[in-house]
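Peer 1: Dumping the structure here so I can ask a few things about it.
Bear in mind these aren't lab numbers, they're just calculated from the coordinates by the rules spelled out. Given the structure is predicted, the values throughout are model-derived calculations rather than measurements. Ideal geometry is used to build each Cβ from the backbone, glycine not excepted, and the neighbour counts take in all protein chains shown.
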Amino acid sequence: MKCMILTPNEENLSICLRQLRKGKVIGVPTETVYGLAGNALSYESVQKIFSIKGRPLIDPLIVHCSSSKDARKYIYAPSEFDQLCAAFWPGPLTLILKKRSIIPDIVTAGLDSVAIRIPKNSIFQSLLKNLNFPLAAPSANPFGYVSPTCAQHVEQTLGDRLGFILDDGPCNHGLESTILDMRNPANPSILRHGPVEVSAIEDILGVKVTIHNICTIKNQALESPGLLSKHYSPNACVKLFEPRSNPRIKGTEKCAIIYQSKRKEEQPKFNPAVNTYWLSDDGNPKVCANQLYSLLQKVDKSGFNQIWVEKSSDSKLGIAINDRLMRAAAED
Ligand code: TXA
Ligand code: MG
């Protein structure tokens, strides 16, 4: 069976709602990346998500709700909850909170916390508003591969395992949500960098937020099993180089080079197979973040053995870009 890509008109939304009510899993647009959505309250639907994605059951899913009122049915809300909702929801922030028992254990990989998010994308919202259950949705990529930022990415990698993908064009952010652990509100911590910046969260909460870097995450495999160091990874080998430098390519491997911005100076010519790309004209981090996954997938399909990527500057959204690049380049 080959999947159908659906434009989000009324008729097609009804088809998708019927699918979800029947316990099926479909591809959905969100403002971050495309998701693989199913009934978060149904063990069977959630099991299908894991199997379609090839994801180990130890890696918990995000539960998407239509509103903060709806979200309260599934979590125990700390007093900071309303402030965070007002500032960042709907939008690209996921909160880790103590879960209520209505959320099946399979969703949270047996943890007593759940990841919860209210998406902004209007198509995803209209699905949520017309359902009487929340939607569990990981990014719609095979486990470990680069996340999808358009419906075609989902079709190319998971199309033979899905009935329908709702197509709302390219995602606004192109990077997954920021994950904030609020289990202990006195000591909030970032588990994954994303479009919502740490300083914005600190401004709202009025406390310092702890940041887990790639190494500390590696040692916390049990606490947050999904935050593996090797992730978001193309088939070609990814190598990184410092901002505004040039890669030190050795050997004769067929390489691609991805810069953050267009270079005016002459491009390095290491061997005739080298090809040069850039994420943005002028280095605007929003554009770079938005283009990163789609360019990685494009270059990955062009048969290069190595993809050399210039790191972003380590501030604001550049931190999230570098986090994904380091995982794409990680060796295990
Ligand atoms: O932007 C996004 O967040 C997208 C869209 C579809 O919403 N979703 C997404 O889901 O990126 P996924 O499954 O690819 O990444 C969710 C991450 C995983 O690394 C998982 O381990 C972590 O969230 N996670 C989920 N529940 C958790 C929990 N209770 N405690 C700690 N980490 C959790
Ligand atoms: Mg993912």
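Peer 1: Quickly rank 81-89, 178-186, 132-140 as a protection proxy: mean count of other C-beta atoms within 10 Å, highest first.
Peer 2: The packing order, highest mean first, is 132-140, 178-186, 81-89.
Peer 1: Follow-up question, since we're still on this one. What number do you get for the stretch 237-329 when its Cα radius of gyration is normalised by 2.2 N^0.38 Å, N = residues?
Peer 2: My calculation over the Cα atoms of the stretch 237-329 gives 0.99.
Peer 1: For the chain, modelled as a GNM with alpha-carbon contacts under 10 angstrom, which of 113, 122, 79 fluctuates the most?
Peer 2: 79
Peer 1: Once phi is turned into ³J(HN,Hα) by the Karplus curve 6.51 cos²θ - 1.76 cosθ + 1.60 with θ = phi - 60°, what whole-Hz value does each residue of the stretch 67-79 show in order, with x for glycine and proline?
Peer 2: 7, 5, 4, 4, 4, 4, 5, 10, 9, 9, 8, x, 5
Peer 1: How far is the Cα center of the stretch 22-80 from the Cα center of the stretch 185-214, in Å?
Peer 2: 23 Å
Peer 1: Would you calculate a helix-derived [θ] at 222 nm for the chain, using -39,500 (n - 2.57) for each DSSP H run of n ≥ 4 and dividing by the full residue count, to the nearest 500? Please report the intermediate quantities before stating the final value.
Peer 2: On the way: 11 runs with 97 residues, N = 332.
Helix-only estimate at 222 nm: -8000 deg cm²/dmol.
Peer 1: At 10 °C and 1.306 mPa s, grab the translational diffusion coefficient of the chain from Stokes-Einstein with a Kirkwood Rh over Cα pairs, rounded to a whole number in µm² per second.
Peer 2: On the way: Rh = 20.3 Å.
In µm²/s, the coefficient is 78.
Peer 1: Same structure, new question: Would you please put 44-57, 4-17 in order of how densely packed they are, using the mean number of other Cβ atoms within 10 angstrom per residue and starting with the highest? Write down the numbers at each step before the final one.
Peer 2: Values: 44-57: 18.1, 4-17: 15.1.
Ranking the peptides 44-57, 4-17 by packing returns 44-57, 4-17.
Peer 1: So, one more: Taking θ as phi - 60°, what are the ³J(HN,Hα) couplings along the stretch 156-164 by the Karplus curve (6.51, -1.76, 1.60), each to the nearest whole Hz, with x for Gly and Pro?
Peer 2: For the stretch 156-164, the Karplus curve yields 5, 9, 10, x, 7, 10, 10, x, 9 Hz.
Peer 1: If you put +1 on each Lys and Arg Cβ and -1 on each Asp and Glu Cβ, how big is the dipole of the chain around its Cα centre, in Debye rounded to 20?
Peer 2: In total the dipole reaches around 440 debye.
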